[in-house]
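Chemist: The structure is given below, and queries will be raised subsequently.
Bear in mind these aren't lab numbers, they're just calculated from the coordinates by the rules spelled out. These figures come from a predicted structure and were not determined experimentally. Because the Cβ atoms are built from the backbone with ideal geometry, glycine has one as well, and the counts that use them run over all protein chains shown.
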Amino acid sequence: MDEAKKRILSGIKPSGDLTLGSYLGAIKNWVALADSCDCYYCMADMHAITVRQDPAELRRRTVSQLAQNIACGLDPKKNVVFIQSHVPAHAQLGWVLDCYTMFGELSRMTQFKDKSAKNADNINAGLFTYPSLMAADILLYQADLVPVGEDQKQHVELTRDIAHRFNTIYGEVFKMPEPWIPKVGARIMSLQDPQSKMSKSEQDTGGCICLMDSPESIMRAFKRAVTDSDTRVCYDPDGKKGISNLLNIYCAAAGITIPQAEKEFENKGYGAFKTAVGEAVVEMLRPIREEAGKLLGDKAYLAEVYRDGAMRASQTAGRTLRKVYKKVGFVER
Ligand code: ATP
Ligand code: LTN
């Protein structure tokens with residue numbers, strides 16, 4: 001490993017099929033960081049079970065997510081790509097960090113409040129302590145940067161507080177991580193309800209685009225996207241939430257700025273704009289869908305990737321875990 005390179009860690013739960021939100025908010029940036037950084041990316045299956053999952057579906061989605069990550073351009077030779085539950089150090093450090101995370105801190109987490117409201121019949125302890133497992137994911141690898149969408153910033157900030165608390169007691173055990181949030185695409189909203197985040201666990205609403213969706217269904221979703229009664233394509237995230245969301249998506253897909261996009265659609269009306277956004281997204285996702293389809297036909301290769309990833313991740317994670325166990329006073333085996 002090159003010591004000068006920054007260390008990156010991030011994760012995505014296989015709680016649904018990957019969405020345009022996870023791509024623009026996270027994976028696209030993972031790929032961009034791959035050459036200049038030393039990167040670890042996990043399929044956070046342990047986080048996924050904080051909400052009830054069908055076992056066969058969870059297994060399928062985890063492997064499919066891996067294939068889609070590779071298809072997005074994540075080279076498993078350059079990056080360590082692994083499945084969270086394959087590296088027991090995550091659960092082991094997660095427990096230790098639970099004991100250094102305060103009830104009050106966890107109670108203030110927005111994601112916990114949102115998910116408890118949506119899963120009122122299953123507000124389990126894992127949903128509550130989710131952020132300390134996420135802190136373990138990050139701190140095990142001594143990550144400098146954590147590329148995530150806007151919604152995860154609060155969890156990375158809590159990770160810093162936990163790391164600081166631990167380091168204050170025991171000395172410099174953990175590197176202090178920083179969230180890395182993209183300028184465009186950090187918060188993609190639902191196409192049907194532009195007030196709420198496009199989320200992969202709410203896939204049946206028509207508001208969500210998945211990376212594996214067919215071009216026809218993508219075009220249909222954009223044509224039906226909720227906008228407003230005006231006709232001007234201009235960026236106004238308070239007054240014109242739907243159009244502003246579409247502008248963000250268009251700019252991220254076409255690699256242009258908001259003023260450039262506004263100029264392009266001056267006097268063109270919403271219909272033409274929605275079609276253009278749909279087409280830009282179809283073209284951006286086409287090579288990903290095709291490549292992921294091919295990779296999914298080669299299960300042996302995917303298994304090789306996650307086994308190799310687990311081995312490499314375990315080595316790095318094991319070093320931090322041993323240090324932590326020693327610091328807190330566990331007897332060496
Ligand atoms: P769930 O609906 O199951 O909670 P999710 O769709 O929010 O899942 P995650 O696995 O929680 O997806 O997120 C993976 C990564 O993608 C995170 O870094 C997250 O911040 C980012 N992300 C997810 N949805 C969006 C979005 N709509 N806009 C921008 N980034 C997003
Ligand atoms: N909690 C994140 C997924 C996630 C993650 C991580 C992100 C799990 N472990 C470690 C960054 C670093 C989410 O809900 N999007």
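Chemist: Mind grabbing the base-10 log of I(q)/I(0) for the chain at q = 0.07, 0.13, 0.14 Å⁻¹? Debye formula, identical points on the C-alpha positions, no solvent, two decimal places.
Modeler: -0.30, -0.99, -1.13
Chemist: How tilted is helix 89-98 with respect to the longest principal axis of the chain? Cα atoms for both, answer in degrees (0 to 90, nearest 10).
Modeler: Tilt of helix 89-98: around 80 degrees.
Chemist: Please give the contour-minus-distance gain from Arg333 to Met311: 0.36 nm per residue of separation, less the Cα-Cα distance, rounded to one decimal in nm.
Modeler: 5.8 nm
Chemist: Follow-up question, since we're still on this one. Amide H of Ile83: which non-local residues (sequence gap of 5 or more, or other chain) have their own amide H closer than 5 Å, using H built in the peptide plane?
Modeler: Met43, Ala310
Chemist: If amide hydrogens are placed 1.01 Å from N in the peptide plane, which non-local residues have theirs closer than 5 Å to the one on Ser190?
Modeler: Ser196, Lys197, Met198
Chemist: Could you work out how much longer the chain between Lys326 and Ala303 gets when fully extended? Use 0.36 nm per residue separation minus the Cα distance between them, nm to one decimal.
Modeler: Contour length minus the Cα-Cα distance gives 4.9 nm.
Chemist: Right, next: I'd like the Karplus ³J(HN,Hα) series for the stretch 223-232: coefficients 6.51, -1.76, 1.60, θ = phi - 60°, whole numbers in Hz, and an x wherever there's a Gly or Pro.
Modeler: 5, 8, 4, 6, 10, 8, 8, 7, 10, 7
Chemist: Here is a follow-up. Subtract the Cα-Cα distance of Ala32 and Asp238 from 0.36 nm times their separation in residues, and report this length gain in nm to one decimal.
Modeler: 71.1 nm
Chemist: Please list, ordered by chain and number, the residues whose modelled amide H lies under 5 Å from the amide H of Asp38; skip anything fewer than 5 residues away on the same chain.
Modeler: Those lying under 5 Å, H to H, from Asp38 are Lys6, Arg7, Ile8.
Chemist: Apply the Karplus parameterisation 6.51 cos²θ - 1.76 cosθ + 1.60, with θ equal to phi minus 60°, to every residue of the stretch 248-265 and state each ³J(HN,Hα) to the nearest whole Hz, in sequence, with x for glycine and proline.
Modeler: Those phi angles translate into 4, 5, 4, 5, 5, 6, 8, x, 10, 9, 4, x, 4, 5, 4, 5, 4, 10 Hz.
Chemist: Ranked from highest to lowest mean number of other Cβ atoms within 10 Å per residue, what is the order of the peptides 268-278, 43-53, 132-142? If you can, show how the numbers build up before the last one.
Modeler: Values: 268-278: 17.6, 43-53: 20.7, 132-142: 25.2.
Sorting 268-278, 43-53, 132-142 by mean packing, highest first, produces 132-142, 43-53, 268-278.
Chemist: At a Cα cut-off below 13 Å, give the aspartates and glutamates reachable from Lys118, other chains included and same-chain residues fewer than 8 away excluded.
Modeler: Glu202
Chemist: Once label points are set 7 Å from the Cα along Cα→Cβ at both Ala272 and Thr205, what is their separation, rounded to one decimal in nm?
Modeler: Distance between the two pseudo-spin positions: 3.1 nm.
Chemist: Return the whole-Å distance between the Cα centroid of the stretch 118-161 and the Cα centroid of the stretch 16-65.
Modeler: 14 Å
Chemist: Shifting gears a bit: Are there any GluC sites (Glu not before Pro) in the stretch 111-173 that are in a DSSP loop and have at most 11 other Cβ atoms within 10 Å? List them by number.
Modeler: Qualifying residues, ordered by number: Glu172.
Chemist: Rounded to two decimals, what ratio of Rg to Rh does the stretch 209-333 give with C-alpha atoms and a Kirkwood Rh?
Modeler: On the way: Rg = 23.1 Å, Rh = 18.2 Å.
Radius of gyration over Kirkwood radius for the stretch 209-333 works out to 1.26.
Chemist: Restricting to DSSP loop positions (anything but H, G, I, E, B) with no more than 16 other Cβ atoms inside 10 Å of their own Cβ, which GluC sites (Glu not before Pro) remain in the stretch 222-271? List each step's numbers first, then the result.
Modeler: On the way: sites: Glu262, Glu264, Glu266; in loops: Glu266.
Here the sparse-neighbourhood loop sites are Glu266.
Chemist: Can you give the FRET efficiency to the nearest 0.05 for Thr257 and Thr231, using r as the Cβ-Cβ distance and R₀ = 22 Å?
Modeler: Plugging the Cβ-Cβ distance into 1/(1 + (r/R0)^6) gives 0.50.
Chemist: Right, here's the next one. Just the Cα atoms of the stretch 1-133: what Rg and Dmax do they give in Å?
Modeler: For the stretch 1-133, the Cα radius of gyration and maximum Cα-Cα distance read 15.8, 48 Å.
Chemist: Which net charge results when you count Lys and Arg as +1 and Asp and Glu as -1 among the other residues whose beta-carbon is under 14 Å from that of Arg286? List each step's numbers first, then the result.
Modeler: On the way: positive: Arg289, Lys294; negative: Asp213, Glu216, Glu279, Glu283, Glu290, Glu291.
Summing Lys/Arg as +1 and Asp/Glu as -1 gives -4.
Chemist: Taking only the alpha-carbon atoms of the stretch 263-309, what semi-axes of the equivalent ellipsoid follow from 5 times the gyration tensor eigenvalues under a square root, in whole Å, largest first? Intermediate results must be reported in sequence, preceding the final value.
Modeler: Working: eigenvalues 309, 19, 7 Å².
Rounded to whole Å, the semi-axes are 39, 10, 6.
Chemist: Relative contact order of the chain, please, whole-number percent, based on alpha carbon pairs below 8 angstrom and at least 6 residues apart.
Modeler: Worked out over the chain, it gives 22 percent.
Chemist: Roughly what % of DSSP beta bridges within the chain run antiparallel, to the nearest 5?
Modeler: Approximately 10 percent, going by the DSSP bridge assignments.
Chemist: Between the stretch 175-227 and the stretch 262-328, how many Å separate their Cα centres?
Modeler: 14 Å
Chemist: What are the ³J(HN,Hα) values, in whole Hz, obtained from phi via the Karplus relation 6.51 cos²θ - 1.76 cosθ + 1.60 with θ = phi - 60°, for each residue of the stretch 180-186 in sequence order, with x given for Gly and Pro?
Modeler: Computed from phi, the couplings for the stretch 180-186 are 10, 10, x, 6, 10, x, 5 Hz.
Chemist: What value, in deg cm²/dmol to 500, does the helix sum -39500 (n - 2.57) over DSSP H runs of n ≥ 4 give at 222 nm once divided by the residues of the chain?
Modeler: -16500 deg cm²/dmol
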